[in-house]
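What follows is one structure encoded as structure tokens, with my remarks underneath.
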Amino acid sequence: MWVEKYRPASLAKLVGNEEARIGFLKWLRSWKPGGKAALLVGPPGIGKTATVHAAANELSYDVIELNASDARTKEKLQNALGPSIGNQALSGKPMILLDEVDGIFGRNDYGGMEFVMELMENTSVPLVMTANAQDSPKIGKIAYKAEVFRFQRLPPRLVELYLRSIIEKEHVKLDDESLQSIVLRSRGDVRSAVNDLQAAAFGLLEFEVEVPERDRMATINQAFQQLFDATNHVEALLALDSAPVDPKEKVRLVFASLVSSSLDIETRAEALEALSRADEIVGRIRRTQEWRQLRYLNTILAIGLFNAIQGKRLQFNADPVPWETKLRLWNEAKYFAQLGRTLGAILSISRKQFAEAYLPYFALILAKTEGGEKMLGRMGIDESTIKVIAKEGKKLLEALR
Amino acid sequence: MKVPIGEHFKLPLLGKDVFIKLSREVGLKYDSKQGFMITPKTRLDLLVSVLQEALKEEVSFVLKCFICRAKTPCETCIYNNICDRKSVSPACICDSCKEKDNAFAQYSEKFLELSV
């Protein structure tokens, strides 16, 4: 992936947030034991973590990185960081990075905040934290005691400048209009811009900026079809990355396409297995609010799906119910409604109650009773409705046998 | 009002409360001789809302080219409609610097020069 390939080794290779980057570099250069911790705050995808790694690289620090979302209890944080605090000889020149520190202070903060505050007071190595949320009261407490560097989204022209430098290195041919579309889509998020650029270079990106709903559906359709038609893992991943829907919707759309497909049962089972792993991640993220795990979702889903269906035809379908089934249900529903109206009135129950509680038994009784259809006719039920309910009764009878 | 980024600017007298807000909450740097200045700690979104309320007029930012410090041509920029200047990082790049073949290298060099 180009985002990894072009991960900057030095601060000068990043774009945007110049003063914050310079400020952070100066802070790290002048840091002495007992000095303040640093807090880099700003939206995702604009280079906070990259800044920390690049600065550490320039000043020969070894970064001990802890994703705060993974370890939010005091005990876990202590276990993970304990050995590196105050033990410079063993680990060279360490620097602690608590990435996405907002994750510690989610719903299940079991002393994590207290530990971080203590760490800020007592650490003998530079402590750097990153956070997305700027206004939470707990981040405010940290900010009060730390050196804060605010990162902002990048001006689009700088995103363009950065993408042009990659285009030059990769010898990619991309017209100005397409490049500008990528910049516009990114809305100042460099990581997503680089992903889109790679997708465009692979011919996997539909260039739409202000996407009307109809076109958005077309883009979704195209992205998922490209995912299903991918000839390798990278193509599959880039296609899934480019689908403009949220993670839950991604899982739903893949599910809908799989269950309505004509793939053989083994392939479908394998693909659904991969999908269930992705769905577990989505569920876990929703429960724990560990949004950092999102970065693994597309990889797991794209690779799992590619391995399951490679070489086989899977058609994108946003609706899990096949059209033929829907048509049949729609037709039959008319008859069941008529039956419910007539018999519901006789039985003094609502149409809904009839459909939910009586209809299956009624259909069964009808199928088993000699002359039942004639009896229904005498009750004023028309012939087509009688045929449908009789057929339904026979199906039920067969199923019960 | 157009607020320059990266240089000092002056404001009319807005009262003690606004001044305290600007320096404590917004994070503007103040020098009694030169005036106010935006720093990396300044909360630009808050600055806009505080100033708009106090001045009763639209507040926008003027970005400068990181390489040559010229004002960037925001009005004619193709990204003008989507570039939210109060929430993007303060430096940009002007047309003439952007057109150069080695624009990114120059940008990096400028960063190195300033970060020493």
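The values are calculated or read from the model by the stated rules, or taken from the named source; none is laboratory data. Note that the coordinates shown come from a computational prediction; the quantities given were computed from them, not determined experimentally. Cβ placement follows ideal geometry from the backbone for every residue including glycine, while neighbour counts extend to all protein chains displayed. SASA here: full protein model, heavy atoms, side chains in, ligands and nucleic acids out. Shrake-Rupley method; radii C 1.70, N 1.55, O 1.52, S 1.80 Å.
Maximal additional length on extending the A:ILE346-A:LYS395 stretch stands at 15.1 nm, based on 0.36 nm per residue less the C-alpha distance. Length gained on full extension, A:SER124 to A:LYS32: 32.3 nm, using 0.36 nm per residue less the C-alpha separation. The coefficient of translational diffusion for the protein assembly as shown, derived via Stokes-Einstein from the alpha carbon Kirkwood radius under 4 °C and 1.567 mPa s, stands at 47 µm²/s. Take every pair of alpha-carbon atoms less than 8 Å apart whose residues are at least six positions apart; their mean separation over the length of region A:323-400 yields a relative contact order of 34 percent. Whole-Hz Karplus values for region A:258-263 come out as 5, 6, 9, 8, 9, 5 Hz, taken residue by residue from phi with 6.51 cos²θ - 1.76 cosθ + 1.60 and θ = phi - 60°; glycine and proline positions read x.
How much of the pair distance distribution for region A:323-400 lies past 18 Å, counting alpha-carbon pairs only, in percent?
Here the long-distance tail beyond 18 Å is 38 percent of all Cα pairs in region A:323-400.
Expressed as a fraction of 2.2 N^0.38 Å, the value expected for a compact globular protein of N residues, the C-alpha radius of gyration of region B:8-116 is 1.22.
Computed from backbone phi with θ = phi - 60° and the Karplus coefficients 6.51, -1.76 and 1.60, the 3J(HN,Hα) list for region A:392-401 is 4, x, 5, 4, 4, 4, 4, 4, 6, 5 Hz; x is used for glycine and proline.
With a cut-off of 11 Å between beta carbons, the residues surrounding A:ASP189 carry a summed charge of +3, where Lys and Arg count +1 and Asp and Glu -1. FRET efficiency for the A:GLU280 to B:ASP31 pair, using the beta carbon distance and R₀ = 60 Å, is estimated at 0.60. Estimated from the Cβ-Cβ distance and a Förster radius of 25 angstrom, the FRET efficiency linking A:MET117 and B:ILE20 is about 0.40. The helix-based estimate of mean residue ellipticity at 222 nm for the protein assembly as shown, built from -39,500 (n - 2.57) per DSSP H run of four or more residues and divided by its residue count, is -16000 deg cm²/dmol to the nearest 500. Put a plus charge on the Cβ of each Lys and Arg, a minus charge on the Cβ of each Asp and Glu, and nothing anywhere else: the dipole of chain B about its Cα centre is then about 380 debye.
Between amide H atoms placed 1.01 Å from N, distances below 5 Å from B:VAL88 occur with no residue 5 or more places distant or on a separate chain. Entry comment: accessible area of region B:63-115 is 49 Å² per residue, from protein heavy atoms only and a probe of 1.4 Å. So who's got an amide H within less than 5 Å of the one on A:PHE149, skipping anything under 5 residues away but keeping other chains? H placed 1.01 Å off N, in plane. HN-HN under 5 Å from A:PHE149: A:LEU39, A:LEU40, A:VAL41. Hydrodynamic estimate: the Kirkwood radius of region A:357-401 over Cα pairs, inserted into Stokes-Einstein at 10 °C and 1.306 mPa s, corresponds to D of 153 µm²/s. Show which aspartates and glutamates lie in cross-link reach of B:LYS10 when reach means a straight Cα distance below 14 angstrom and same-chain residues fewer than eight apart are skipped. Excluding near neighbours in sequence, the set is B:ASP31. Computed extension length for A:GLU332-A:ALA318: 2.7 nm, one decimal, from 0.36 nm per residue of separation with the Cα-Cα distance subtracted. Cross-link reach is defined here as a Cα-Cα straight distance under 16 Å, omitting same-chain residues fewer than 8 places apart; for B:LYS16 the lysines meeting it are B:LYS29.
Each residue of region B:64-81 was assigned a 3J(HN,Hα) from its phi angle through the Karplus expression (A = 6.51, B = -1.76, C = 1.60, θ = phi - 60°), giving 10, 6, 5, 7, 10, 6, 6, 6, 7, x, 4, 5, 9, 6, 5, 9, 3, 6 Hz with x at Gly and Pro. Translational diffusion coefficient, Stokes-Einstein: compute it for region B:63-115 using the Kirkwood radius over C-alpha pairs as Rh, at 10 °C and 1.306 mPa s, and state it as an integer in µm² s⁻¹. The calculation lands on 136 µm²/s.
Cross-link partners of A:LYS312 among aspartates and glutamates, defined as those whose alpha carbon lies under 16 angstrom from its own and excluding same-chain residues fewer than eight positions apart: A:ASP229, A:GLU235, A:ASP264, A:GLU266, A:GLU270.
Taken over the Cα atoms of region B:2-61, the convex hull encloses 76 Å³ per residue. Between A:THR231 and A:ASP62, the simple label model (points 7 Å from Cα in the Cβ direction) yields a spacing of 4.5 nm. In a shell of Cβ-Cβ distance under 14 Å around A:ARG351, excluding A:ARG351 itself, what net charge do Lys and Arg (+1) and Asp and Glu (-1) give? After counting each charged neighbour, the total is +2. For the pair A and B, the buried accessible area comes to roughly 3200 Å² in total, with a 1.4 Å probe and the value rounded to the nearest 100.
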